[in-house]
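Peer 1: The structure is given below, and queries will be raised subsequently.
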Amino acid sequence: MNELEVALAQLFLKKGKSAMTEKDFVFAASLDLRWFKPKEAQKLLDLGLEAELLVLEGEKVKPTFDYKNVPIPKNFVPGKDLLQTAVKTKGMFLKIVDKISMERDIPSKDIISAVNSLQDSMGVEVEVAALIVARENGVDISEFLDQVEEDIGSRYREKA
């Protein structure tokens with residue numbers, strides 16, 4: 001488990017909730033647990049979304065992993081350097097999200113939420129869902145097609 005995953009698990013466990021609003025999340029990480037200042041707590045939320053450990057469903061933030069079974073060290077407090085770490089993400093997914101966000105002036109979290117909803121309803125890879133959301137928003141996706149095809153193909157070849 002990485003520190004981000006442990007921190008998110010601890011936050012949800014301490015709150016005793018499997019979903020909370022963004023405001024409640026930031027409040028919990030900053031004022032309840034006293035881990036971060038409110039702006040830093042928002043960064044923790046953003047990192048969780050980027051790492052796809054959290055998802056926005058409507059107004060609620062939910063973990064995408066089994067947070068109840070994450071081993072948490074006694075007296076765990078995340079280090080301030082956690083917020084400085086680069087998250088290993090699905091590169092193409094975030095590039096597509098960034099392009100939609102820049103071209104259509106839509107917050108990334110809203111795009112990620114739309115992509116996750118579409119992915120759940122269609123049962124497709126996250127990059128495919130992102131491409132569909134991009135097309136629905138009138139964003140040219142031609143620059144991403146070959147790389148998405150290669151990325152998905154290589155993941156399935158590795159599994160075989």
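The values are calculated or read from the model by the stated rules, or taken from the named source; none is laboratory data. None of the values given here were measured: they were computed from a predicted structure. So basically every Cβ, Gly included, is an ideal-geometry build from the backbone, and we count neighbours across all protein chains shown.
Peer 1: Please state which of the following conditions Val124 fails to meet, knowing it meets all the rest: (1) more than 22 Å from Gly48 (Cα to Cα); (2) out of contact with any Lys or Arg (no Cβ under 7 Å at 6 or more places or on another chain); (3) not in a helix (DSSP H, G or I).
Peer 2: Of the numbered conditions (1) more than 22 Å from Gly48 (Cα to Cα); (2) out of contact with any Lys or Arg (no Cβ under 7 Å at 6 or more places or on another chain); (3) not in a helix (DSSP H, G or I), the odd one out for Val124 is (1).
Peer 1: Of the numbered conditions (1) within 28 Å of Val6 (Cα to Cα); (2) acidic (Asp, Glu); (3) not assigned by TED's automatic domain parsing to the domain that holds Ser30, Glu57 satisfies every one except a single condition; which is it?
Peer 2: Condition (3) is where Glu57 drops out.
Peer 1: Another one. Only residues in segment 134-150 that are in the same structural domain as Arg104 (by TED's automatic domain parsing) count as the first member; pair them with residues that are part of a loop (DSSP other than H, G, I, E, B), Cβ under 7 angstrom, at least 6 apart or cross-chain, and list the lot.
Peer 2: From segment 134-150, the pairs are Ala134/Ile141; Arg135/Ile141.
Peer 1: While we're looking at this one, here's another question. Residue check, Glu52 against (1) under 15 Å from Phe12 (Cβ atoms); (2) crowded, with 17+ Cβ neighbours inside 10 Å, all met but one. Which one?
Peer 2: (1)
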